[in-house]
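> Okay, handing you the structure first.
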Amino acid sequence: MSEHRYPWPVLRGDYIRAAVGAAVSTGGTLLSAGNPYVFGVFATIAGLFLLFGVRTAWRQRLRYTLDVTGLTRIPPVGGPVTVRWDELRRMSMRFYSTRRDRSQGWMQLNLSGGRNRISLDSTLDDFDAVARTAARSAAANRIELRSSTLANLEAIGINTRRLGTDPPAGDPPR
Amino acid sequence: MFRYLIHRLLIMIPTLIAISFIVFVVIELPPGDFLTTQIEELREIGEAADLRKIEELRKEYGLDQPFMVRYVGWAIGFLQGDLGYSFEYEQPVSAVVGDRLWLTFIVSFTTIVFTWIVAFPIGVYSATHQYSWGDHGLTFIGFLGLATPNFLLALVMVYFANVWFGTEIGGLMDDRFLGKPWSWAKLMSVLEHLWIPVVVIGTSGTAAMIRRLRANLLDELQKQYVVTGRAKGLPPFKLLVKYPLRMSLNPFIADIGDLLPQVISGAVIVSVVLNLPTTGKMLYEALLSQDMYLAGSFLMFLAMLTVLGVLLSDFALAALDPRIRLSGKATK
């Protein structure tokens with residue numbers, strides 16, 4: 001069994017983003033108090049940044065455990081959530097780019113099985129191990145993966161042909 | 001997706017601050033200001049300008065303040081919905097813009113919808129029936145639309161709309177509705193006039209879009225996965241819609257960033273020819289007369305819409321094509 005957390009450098013970056021965004025948008029909210037429309041826009045944005053800060057704090061205390069039976073998310077509050085590998089029914093991996101040319105960004109792995117659903121980012125410690133195990137289980141459960149998921153798995157070095165999933169035919173659709 | 005939203009929003013903030021500064025610098029760049037332009041105009045027609053009054057006006061409009069003070073004042077005013085004062089119209093900018101913004105939005109949005117509705121089926125047909133008579137015919141019409149200057153088409157359309165349908169020449173509504181509150185009759189009048197600018201402005205865009213969609217779709221249709229799908233017996237329509245058509249839409253979704261500002265700026269030359277009460281013509285005149293707050297507000301609106309458009313297109317692209325580029329890498 002292995003335990004995975006979001007590393008501090010990533011969390012620190014997210015805290016800074018939340019703080020800077022909340023400060024600027026709160027400033028905008030205060031300045032635009034006279035205009036309800038502009039005020040509404042800034043207040044919403046400020047709210048989003050605050051929510052992001054709370055979410056980052058939540059993530060700081062979040063743990064994932066990976067073992068042969070499944071992946072478990074252990075939140076700071078509430079009970080653990082497990083997606084068992086033998087119950088895995090859906091898997092997708094999306095890429096979110098921070099650049100227009102898609103040269104940089106991060107992956108988001110979504111797993112669902114039974115009644116549970118887990119989403120995690122590639123910023124997680126040893127994300128590749130989680131993705132590899134999930135891909136292997138998807139292949140074992142004969143889950144049809146989207147071509148984008150297959151391409152993204154290949155991009156992080158997981159050979160989908162060797163896992164037994166159907167490789168995209170020819171030039172893969174994006 | 002939430003983290004992605006936050007990343008994108010965070011990029012928007014410094015972008016908009018930088019744009020607002022650049023906009024203000026640009027509208028300040030021409031030598032002099034609105035009042036010096038007015039003095040010159042008075043001199044040209046042989047009238048003497050009252051220098052004391054000019055000085056008073058300069059003080060009243062804050063034109064004697066240092067650059068940064070004026071910029072900060074303008075930016076904060078913008079945040080509070082105060083777009084400044086139009087020297088040319090001697091009214092607040094928001095009052096000057098008034099209905100024009102909505103009318104421009106209606107014209108441009110309808111044009112975009114018209115362009116997509118016409119171009120989409122034609123582009124798909126041309127690509128799936130490459131080198132057929134239909135493809136050649138539609139391509140010819142497309143090139144004709146692309147090559148015809150908008151203002152020329154506008155003049156022809158206005159003439160025939162008047163001769164055949166009795167539509168009043170120019171404008172976006174009958175004269176009796178100008179400056180009147182919105183009513184059913186006014187809306188009908190707008191709709192009656194609307195089709196002319198929509199067809200005129202939309203024609204060249206439609207032709208260009210047909211060509212791009214045809215080229216993109218042809219590229220996709222020749223890829224191996226389509227051949228494999230066909231060989232496996234996938235129904236032709238499903239095979240077309242599920243992947244190739246979706247993929248060929250990427251450039252159009254990426255273009256949303258450019259489309260949104262067009263919704264506001266409108267087509268300036270067509271607006272002049274058709275005497276449309278849209279914002280394109282007003283922006284042009286504001287830039288000419290150095291009506292800085294009016295021009296600055298327009299430019300800032302355009303910039304904000306561009307940034308918003310890029311944000312929306314990035315979201316749509318992330319949803320449509322969540323795949324990493326092979327040369328790229330995921331960051332930790």
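The values are calculated or read from the model by the stated rules, or taken from the named source; none is laboratory data. In this text, all values refer to a predicted model and were calculated from it rather than measured experimentally. Glycine also receives a Cβ, built like all others from the backbone with ideal geometry; neighbour counts cover every protein chain displayed.
> Considering every residue within the stretch B:249-256, establish whether at least one is modelled with pLDDT of 80 or more, surrounded by 15 or more Cβ atoms within 10 Å (Cβ to Cβ) and not in a loop (DSSP other than H, G, I, E, B).
Filtering the stretch B:249-256 for residues modelled with pLDDT of 80 or more gives none.
No, the stretch B:249-256 contains no residue that is modelled with pLDDT of 80 or more, surrounded by 15 or more Cβ atoms within 10 Å (Cβ to Cβ) and not in a loop (DSSP other than H, G, I, E, B).
> Oh, and also: Could you tell me which of the residues B:GLU60, B:GLU55 is within 28 Å of A:LEU31 (Cβ to Cβ) and among the acidic types (Asp, Glu)? Talk me through it step by step, then tell me what you get.
Working: B:GLU55 fails: within 28 Å of A:LEU31 (Cβ to Cβ).
Just a single option satisfies the conditions, and that option is B:GLU60.
> Against the condition part of a helix (DSSP H, G or I), without any contact (Cβ under 8 Å) to a residue 24 or more places away in the chain and either farther than 22 Å from B:VAL268 by Cβ or out of contact with any Cys (no Cβ under 7 Å at 6 or more places or on another chain) (or both), how does B:LYS186 come out, does it pass? Walk me through it before giving the result.
Numbers: part of a helix (DSSP H, G or I): yes; without any contact (Cβ under 8 Å) to a residue 24 or more places away in the chain: yes; either farther than 22 Å from B:VAL268 by Cβ or out of contact with any Cys (no Cβ under 7 Å at 6 or more places or on another chain) (or both): yes.
Yes: the conditions hold for B:LYS186.
> Within the stretch B:49-67, does at least one residue satisfy the condition of being modelled with pLDDT of 70 or more and either closer than 23 Å to B:LEU302 by Cα or in the same structural domain as B:ASP291 (by TED's automatic domain parsing) (or both)?
Within the stretch B:49-67, one or more residues are modelled with pLDDT of 70 or more and either closer than 23 Å to B:LEU302 by Cα or in the same structural domain as B:ASP291 (by TED's automatic domain parsing) (or both).
> Part of a helix (DSSP H, G or I), within 8 Å of chain B (Cβ to nearest Cβ) and among the small types (Gly, Ala, Ser): does that describe A:ALA18?
Here the answer is yes, as A:ALA18 does meet what is asked.
> While we're looking at this one, here's another question. When the residues of the stretch B:18-29 are narrowed to those that are within 11 Å of B:TYR71 (Cβ to Cβ) and in contact (Cβ under 8 Å) with a residue 12 or more places away in the chain, which ends up farthest from the chain's Cα centre (by Cα)?
B:GLU28
> Of all residues in the stretch A:49-62, how many are assigned to a loop (DSSP other than H, G, I, E, B) and farther than 19 Å from A:ASP126 by Cα?
Residues of the stretch A:49-62 assigned to a loop (DSSP other than H, G, I, E, B): A:61-62.
Those left that are additionally farther than 19 Å from A:ASP126 by Cα: none.
Qualifying residue count, the stretch A:49-62: 0.
> Could you tell me whether the stretch B:80-96 includes any residue that is part of a helix (DSSP H, G or I), β-branched (Val, Ile, Thr) and more than 17 Å from B:THR203 (Cα to Cα)?
Step one: of the stretch B:80-96, the residues part of a helix (DSSP H, G or I) are B:93-96.
After this cut, where a residue has to be β-branched (Val, Ile, Thr) as well, the list is B:93, B:96.
Right, trim to more than 17 Å from B:THR203 (Cα to Cα) and you get B:93, B:96.
The answer is yes; a qualifying residue exists.
> Of these, B:VAL113, B:VAL118, which one is surrounded by 15 or more Cβ atoms within 10 Å (Cβ to Cβ) and either β-branched (Val, Ile, Thr) or in a helix (DSSP H, G or I) (or both)?
On the way: B:VAL113 fails: surrounded by 15 or more Cβ atoms within 10 Å (Cβ to Cβ).
Going through B:VAL113, B:VAL118 in turn, just one is surrounded by 15 or more Cβ atoms within 10 Å (Cβ to Cβ) and either β-branched (Val, Ile, Thr) or in a helix (DSSP H, G or I) (or both): B:VAL118.
> Six or more apart or on different chains, Cβ atoms under 7 Å: show the pairs whose first residue is in the stretch A:1-25 and surrounded by fewer than 15 Cβ atoms within 10 Å (Cβ to Cβ) and whose second is basic (Lys, Arg).
Listed pairs, sorted by first residue: A:GLU3/A:ARG63.
> Where in the stretch A:63-164 are there strands (runs of 3 or more DSSP E), lying fully within it, with 3 or more residues that are under 20 Å from B:TYR4 (Cβ atoms)?
By residue number, A:88-97, A:104-113, A:116-121.
> Somewhere in the stretch B:121-139, is a residue more than 30 Å from B:LYS242 (Cβ to Cβ), in the same structural domain as B:LEU240 (by TED's automatic domain parsing) and of a type in the set (A, V, I, L, M)? Lay out the reasoning, then the answer.
Restricting attention to the stretch B:121-139, the residues satisfying the condition of being more than 30 Å from B:LYS242 (Cβ to Cβ) are none.
Among the residues of the stretch B:121-139, not one is more than 30 Å from B:LYS242 (Cβ to Cβ), in the same structural domain as B:LEU240 (by TED's automatic domain parsing) and of a type in the set (A, V, I, L, M), which makes the answer no.
> Output the residues belonging to the stretch A:24-37 that are in a helix (DSSP H, G or I) and at the interface with chain B (Cβ under 10 Å from one of its Cβ atoms).
A:VAL24, A:SER25, A:GLY27, A:GLY28, A:THR29, A:LEU30, A:LEU31, A:PRO36, A:TYR37
> Pairs under 6 Å by beta carbon, first residue at pLDDT 80 or above in the stretch B:303-332, partner aliphatic (A, V, I, L, M) and not in a helix (DSSP H, G or I), six or more apart or different chains?
none
Per-residue answers, yes or no, for (1) surrounded by fewer than 20 Cβ atoms within 10 Å (Cβ to Cβ); (2) out of contact with any helix residue (DSSP H, G or I) (no Cβ under 6 Å at 6 or more places or on another chain):
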| site | (1), (2) |
| --- | --- |
| A:VAL41 | yes, yes |
| A:PHE49 | no, no |
| A:VAL54 | yes, yes |
| A:ARG61 | yes, yes |
| A:VAL68 | yes, yes |
| A:PRO76 | yes, yes |
| A:PRO80 | yes, yes |
| A:GLU87 | yes, yes |
| A:ARG94 | no, yes |
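> Hey, another quick one. Filter the stretch A:100-136 for residues that are free of Cβ contacts under 8 Å to residues at least 12 places away in the same chain and more than 8 Å from chain B (Cβ to nearest Cβ); which is farthest from the chain's Cα centre (by Cα)?
Quick first cut of the stretch A:100-136, residues free of Cβ contacts under 8 Å to residues at least 12 places away in the same chain only: A:100-105, A:115, A:119.
Checking which are more than 8 Å from chain B (Cβ to nearest Cβ) leaves us with A:115, A:119.
Values: A:ARG115: 19, A:SER119: 5 Å.
Within the stretch A:100-136, the match that is farthest from the chain's Cα centre (by Cα) is A:ARG115.
> Now, a different point. Please work out which residue is surrounded by the fewest Cβ atoms within 10 Å (Cβ to Cβ), limiting yourself to the stretch B:146-168 and to residues that are without any contact (Cβ under 8 Å) to a residue 24 or more places away in the chain and not in a helix (DSSP H, G or I).
Among those residues, the one meeting the criterion is B:GLY166.
> Evaluate the stretch B:194-211: report whether one residue or more is surrounded by fewer than 22 Cβ atoms within 10 Å (Cβ to Cβ), under 19 Å from the mean Cα position of the chain (by Cα) and free of Cβ contacts under 8 Å to residues at least 40 places away in the same chain.
yes
> Would you call A:ALA139 surrounded by fewer than 22 Cβ atoms within 10 Å (Cβ to Cβ) and either under 21 Å from the mean Cα position of the chain (by Cα) or at pLDDT 80 or above (or both)? Reasoning before the result, please.
Details: surrounded by fewer than 22 Cβ atoms within 10 Å (Cβ to Cβ): yes; either under 21 Å from the mean Cα position of the chain (by Cα) or at pLDDT 80 or above (or both): yes.
It is true that A:ALA139 is surrounded by fewer than 22 Cβ atoms within 10 Å (Cβ to Cβ) and either under 21 Å from the mean Cα position of the chain (by Cα) or at pLDDT 80 or above (or both).
> Got a sec? Which of A:GLY70, A:GLY78, A:GLY40 is more than 11 Å from chain B (Cβ to nearest Cβ), under 16 Å from B:LEU9 (Cβ atoms) and either in contact (Cβ under 8 Å) with a residue 40 or more places away in the chain or of a type outside the set (S, T, N, Q) (or both)? Lay out the reasoning, then the answer.
Working: A:GLY70 fails: under 16 Å from B:LEU9 (Cβ atoms); A:GLY78 fails: under 16 Å from B:LEU9 (Cβ atoms).
Among A:GLY70, A:GLY78, A:GLY40, only A:GLY40 is more than 11 Å from chain B (Cβ to nearest Cβ), under 16 Å from B:LEU9 (Cβ atoms) and either in contact (Cβ under 8 Å) with a residue 40 or more places away in the chain or of a type outside the set (S, T, N, Q) (or both).
> Does at least one position in the stretch B:191-212 carry a residue that is within 14 Å of another protein chain (Cβ to nearest Cβ), part of a helix (DSSP H, G or I) and in contact with a Gly (Cβ under 8 Å, 6 or more places away or on another chain)? Break it down stepwise before answering.
First, pick out the residues of the stretch B:191-212 that are within 14 Å of another protein chain (Cβ to nearest Cβ): none.
Within the stretch B:191-212, none of the residues are within 14 Å of another protein chain (Cβ to nearest Cβ), part of a helix (DSSP H, G or I) and in contact with a Gly (Cβ under 8 Å, 6 or more places away or on another chain).
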